[in-house]
Amino acid sequence: MLIVLALVAAVVLAVWQPWRGSAEPAASTSLPPTPTAPSASPSSSPTMAPAPSTPTAVETTPAPDPSGTAPSVAACSTAGISVHAVTDQDVYAAGALPKLSITLSNTSTTPCLINVGTATQSFVITSGSDTWWRSTDCQSESSDQVVQLAAGQTVSSVSPLQWDRTRSSVDTCGSSRPRASPGYYHLSVSIGGIQAADTKMFELR
């Protein structure tokens, strides 16, 4: 169950939908279909927005053609990328569904390439040592989306992934699931093979 992201940065990022920012996707990549990974059209800034049951995809401006004369751009390194988990609220009333997002920043001084397609996005919700939900448990489709992030660029989700407050399992994708009890939960995310350094805590009532 992942999503798609859209532009937010002033400079030019599966995972988990269109994104906000100003990154540039590789010319050969394309966004997944709306049902599982909303499609996005190229723009001067990247966008990422998750769909209800898939990772997020990214909308960006096409990166320079590798076969062209433009200087080659290296892959992003873990040290130069900052990933953060985001929720639309800190406290959710009974029945309210949390909306989950990812924020991705290129903290280096040079542009770099990273795969932000739905295939590289992961959202995990835990309560203490208990893992309650994984976006990858029942993901129906996935795709790759290589984009170029400018130095200092930040992109974040536009259409967050919504958690239905149930426990996920690869064995319960087509059946009913136990509902989460009131309490505190943590969201951890990763994208492009880079894990967020922190988690986002929120409360269900």
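With the condition being out of contact with any Pro (no Cβ under 7 Å at 6 or more places or on another chain) and farther than 29 Å from Pro111 by Cβ, I'd like the strands (runs of 3 or more DSSP E) fully within the stretch 128-205 carrying at least 2 qualifying residues.
Where strands (runs of 3 or more DSSP E) fall fully within the stretch 128-205 and carry at least 2 residues being out of contact with any Pro (no Cβ under 7 Å at 6 or more places or on another chain) and farther than 29 Å from Pro111 by Cβ, they are 130-134, 183-191, 200-204.
Every residue in the stretch 105-129 that is small (Gly, Ala, Ser) and within 11 Å of the chain's Cα centre (by Cα), please.
Selection gives Gly117, Ala119, Ser122.
Please tell me if Ala94 is farther than 30 Å from Ser181 by Cβ, out of contact with any Phe, Trp or Tyr (no Cβ under 6 Å at 6 or more places or on another chain) and surrounded by fewer than 24 Cβ atoms within 10 Å (Cβ to Cβ).
When the stated conditions are applied, Ala94 does not pass them.
Return yes or no: is Arg205 touching a Ser or Thr at 6+ places or on another chain (Cβ under 9 Å), surrounded by fewer than 22 Cβ atoms within 10 Å (Cβ to Cβ), farther than 18 Å from Thr120 by Cα and of a type in the set (Lys, Arg)?
No; evaluated as a whole, the condition is false for this residue.
Does Gln89 count as in a loop (DSSP other than H, G, I, E, B) and buried (at least 23 other Cβ atoms within 10 Å of the Cβ)?
No: the conditions fail for Gln89.
Taking the criterion of being out of contact with any Phe, Trp or Tyr (no Cβ under 8 Å at 6 or more places or on another chain), surrounded by fewer than 21 Cβ atoms within 10 Å (Cβ to Cβ) and not in a strand (DSSP E or B), would at least one residue in the stretch 114-127 satisfy it?
Taking every residue of the stretch 114-127 in turn, none turns out to be out of contact with any Phe, Trp or Tyr (no Cβ under 8 Å at 6 or more places or on another chain), surrounded by fewer than 21 Cβ atoms within 10 Å (Cβ to Cβ) and not in a strand (DSSP E or B).
Taking Val155 and the conditions (1) buried (at least 21 other Cβ atoms within 10 Å of the Cβ); (2) modelled with pLDDT of 95 or more; (3) not polar (S, T, N, Q), which numbered condition does it fall short on, given that it satisfies the others?
Only one criterion is unmet by Val155, namely (2).
What about Ile102, is it assigned to a strand (DSSP E or B) and either of a type in the set (Gly, Ala, Ser) or within 12 Å of the chain's Cα centre (by Cα) (or both)?
It is true that Ile102 is assigned to a strand (DSSP E or B) and either of a type in the set (Gly, Ala, Ser) or within 12 Å of the chain's Cα centre (by Cα) (or both).
Results for (1) at pLDDT below 95; (2) of a type outside the set (Gly, Ala, Ser); (3) farther than 30 Å from Arg165 by Cβ, shown as yes or no for each residue.
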residue: Pro64; (1), (2), (3): yes, yes, yes
residue: Tyr92; (1), (2), (3): no, yes, no
residue: Ala96; (1), (2), (3): no, no, no
residue: Lys99; (1), (2), (3): no, yes, no
residue: Asn106; (1), (2), (3): no, yes, yes
residue: Thr110; (1), (2), (3): no, yes, yes
residue: Leu113; (1), (2), (3): no, yes, yes
residue: Gln121; (1), (2), (3): yes, yes, no
residue: Val124; (1), (2), (3): no, yes, no
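The values are calculated or read from the model by the stated rules, or taken from the named source; none is laboratory data. Small disclaimer: the values here were computed from a predicted structure and weren't measured. Cβ atoms come from the backbone with ideal geometry, glycine included; neighbour counts cover every protein chain shown.
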